[in-house]
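A quick write-up on the structure given underneath.
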């Protein structure tokens, strides 16, 4: 299991490949399903062009809350492994924001846990986006509720 | 959009990285969500140790049905791109079987379409698994129904 | 008319061949293709059927040159 | 007792500072910490509260040395 905040740009697929190489040694033949979510910064939000973004966090609490939600997922589903990475600091459009990957024997629990983790993260992890617009900047006021 | 059958082992993460590099040129700043599913061969199934597997397909029909289900997903959700790769031929435990990736602006449609595609593939794409056991081999008789 | 028939996976193994060529008169359905080729063996339960690479009902009419396929439930993914 | 108070994001910007140090008598709740520091400003609606890095209700009692945080709805992911 790996849960980390990153203060520099990262490549979700390179991180996954590196993590997977180690995981294959431990879990070869056991995982039939990997569900992955990657969140990426868009260049438009609520109708306005977005030129950049700063992700603020609460050092200590953010890591702890991410850890707790992953533990809750392992309590709820028979998971084999999980990887959660989240950016903080200054981002540009197209920069990866978050990577969530879940490994399990079967697909139902991988999908369910991956979805659970992104919804938990969006509603509970102390992270705040400030967007730089063409002129000025603004705090994003709230995340969208969990969609159906 | 890329939909392909592969008759040799492939690396889902390397394929994704290569596809993503091209996609970023076209769609930079537009996709906020990428949902990915990777199916991997396990070394146990229905209580028996599995030493190998052969994936048979119906040349022509398999590709056509995969194409149709991706088109159906694009009809149903506002998607930006999709990548579907599926192995055929001889596999060993831990070999990747299927990769499905969906890009969209927001997470709800990426998750929904990714899940739709794997369920459609499992119920409609003409592919058949024959497992090599410790002694002898057997056809897998049916896929599990779409879980909740 | 000439109909090209294909079998896959466990059904092919059970029949001992990958297909048949059927010379039939017009007006045949998918079910009729099976019955003409296997008069003593009913279509196995859950068998799926396709005509020209698309799924087809047993009642679908077949035409000259059609490719008709019979196969067990699919197990990919 | 000494309470360490932190503010984040838009709330910090509005208050013009990242935190406060509060010297208070025992028996204070999270809501009481806010009221002691901001007697003229009610807690903004939807403000989230934490004690020692875990979410806490406004009614939770605080103790000597606790870190109490106030912040707006989170927007990560």
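Does residue A:37 satisfy the criteria of being at negative phi and either buried (at least 20 other Cβ atoms within 10 Å of the Cβ) or in a loop (DSSP other than H, G, I, E, B) (or both)? Talk me through it step by step, then tell me what you get.
On the way: at negative phi: yes; either buried (at least 20 other Cβ atoms within 10 Å of the Cβ) or in a loop (DSSP other than H, G, I, E, B) (or both): yes.
Yes: the conditions hold for residue A:37.
Just give me the residues in region B:116-142 being free of Cβ contacts under 8 Å to residues at least 12 places away in the same chain and under 20 Å from residue B:3 (Cβ atoms), in sequence order.
If the condition is that a residue be free of Cβ contacts under 8 Å to residues at least 12 places away in the same chain and under 20 Å from residue B:3 (Cβ atoms), then no residue fits.
How many residues does region B:1-38 hold that are closer than 21 Å to residue A:15 by Cβ and within 14 Å of the chain's Cα centre (by Cα)?
Qualifying residue count for the region: 10.
Determine whether region A:54-76 contains at least one residue that is more than 29 Å from residue D:19 (Cα to Cα) and outside any helix (DSSP H, G or I). Explain how you work it out, then say what you get.
Initial filter on region A:54-76 (more than 29 Å from residue D:19 (Cα to Cα)): A:70-76.
Among the residues that remain, those that are also outside any helix (DSSP H, G or I) are: none.
Scanning region A:54-76, I find no residue that is more than 29 Å from residue D:19 (Cα to Cα) and outside any helix (DSSP H, G or I), so the answer is no.
Just checking, which of A:105, A:112, A:90 is within 19 Å of residue B:103 (Cα to Cα) and touching a strand residue (DSSP E or B) at 6+ places or on another chain (Cβ under 9 Å)?
Numbers: A:105 fails: within 19 Å of residue B:103 (Cα to Cα); A:90 fails: within 19 Å of residue B:103 (Cα to Cα).
Answer to the selection: A:112.
Please list, ordered by first then second residue, the pairs with beta carbon atoms under 6 Å, 6 or more apart or interchain, first in region A:57-77 and facing chain D (nearest Cβ under 8 Å) and on the phi > 0 side of the Ramachandran plot, second assigned to a loop (DSSP other than H, G, I, E, B) and surrounded by fewer than 21 Cβ atoms within 10 Å (Cβ to Cβ).
Sorted first by the residue in region A:57-77, then by its partner, the pairs are A:60/D:53.
Collect the residues in region B:4-34 that are buried (at least 18 other Cβ atoms within 10 Å of the Cβ), closer than 30 Å to residue A:43 by Cβ and in contact (Cβ under 8 Å) with a residue 40 or more places away in the chain, keeping them in residue-number order. Break it down stepwise before answering.
Just the residues of region B:4-34 that are buried (at least 18 other Cβ atoms within 10 Å of the Cβ), to begin with: B:5, B:12-13, B:15-16, B:19-20, B:23, B:30-34.
Subsequent filtering for residues that are closer than 30 Å to residue A:43 by Cβ retains B:12-13, B:15-16, B:19-20, B:23, B:30-34.
B:12, B:15, B:16, B:19, B:23, B:30, B:31, B:32, B:33, B:34, listed by residue number.
With the requirement that a residue be touching a helix residue (DSSP H, G or I) at 6+ places or on another chain (Cβ under 8 Å) and either farther than 25 Å from residue A:21 by Cα or surrounded by fewer than 20 Cβ atoms within 10 Å (Cβ to Cβ) (or both), what does region B:113-133 give you?
Selection gives B:113, B:115, B:116, B:117, B:120, B:121, B:124, B:125, B:126, B:127, B:128, B:130.
If you scan region B:40-53, which residues turn out to be in a strand (DSSP E or B), within 9 Å of another protein chain (Cβ to nearest Cβ) and either surrounded by 18 or more Cβ atoms within 10 Å (Cβ to Cβ) or out of contact with any strand residue (DSSP E or B) (no Cβ under 8 Å at 6 or more places or on another chain) (or both)?
B:40, B:50
Would you confirm whether any residue within region A:81-102 is touching a helix residue (DSSP H, G or I) at 6+ places or on another chain (Cβ under 6 Å) and within 7 Å of another protein chain (Cβ to nearest Cβ)?
For region A:81-102, residues touching a helix residue (DSSP H, G or I) at 6+ places or on another chain (Cβ under 6 Å) and within 7 Å of another protein chain (Cβ to nearest Cβ): absent.
Quick check: is even one residue across region B:18-25 out of contact with any helix residue (DSSP H, G or I) (no Cβ under 9 Å at 6 or more places or on another chain), in a strand (DSSP E or B) and over 19 Å from residue A:39 (Cβ atoms)? Break it down stepwise before answering.
Step one: list which residues in region B:18-25 are out of contact with any helix residue (DSSP H, G or I) (no Cβ under 9 Å at 6 or more places or on another chain), which gives B:18-19, B:21-25.
From what is left, the residues that are in a strand (DSSP E or B) are none.
Looking for residues that are out of contact with any helix residue (DSSP H, G or I) (no Cβ under 9 Å at 6 or more places or on another chain), in a strand (DSSP E or B) and over 19 Å from residue A:39 (Cβ atoms), one finds none in region B:18-25, hence no.
Find the residue count for region B:122-141, including only residues that are over 16 Å from residue C:49 (Cα atoms) and part of a helix (DSSP H, G or I). Steps first, please.
Pass one, region B:122-141, residues over 16 Å from residue C:49 (Cα atoms): B:122, B:129-141.
Going one step further and asking which of them are part of a helix (DSSP H, G or I), we end up with B:122.
Adding up the residues that qualify gives 1.
Kindly provide the set of residues from region B:21-33 that are within 7 Å of chain A (Cβ to nearest Cβ) and touching a strand residue (DSSP E or B) at 6+ places or on another chain (Cβ under 8 Å), ordered by number.
Initial filter on region B:21-33 (within 7 Å of chain A (Cβ to nearest Cβ)): B:24, B:28-33.
B:29, B:30, B:31, B:32, B:33, listed by residue number.
Can you name the number of the only condition in (1) at the interface with another protein chain (Cβ under 7 Å from one of its Cβ atoms); (2) within 14 Å of the chain's Cα centre (by Cα) that residue B:140 fails?
(2)
FYI, it's all coordinate maths here, none of it is from the lab. It should be emphasised that the depicted structure is a prediction, and the values quoted were computed from it without experimental measurement. When we count neighbours, we look across all protein chains shown, and the Cβ atoms used for this are built from the backbone with ideal geometry, even at glycine.
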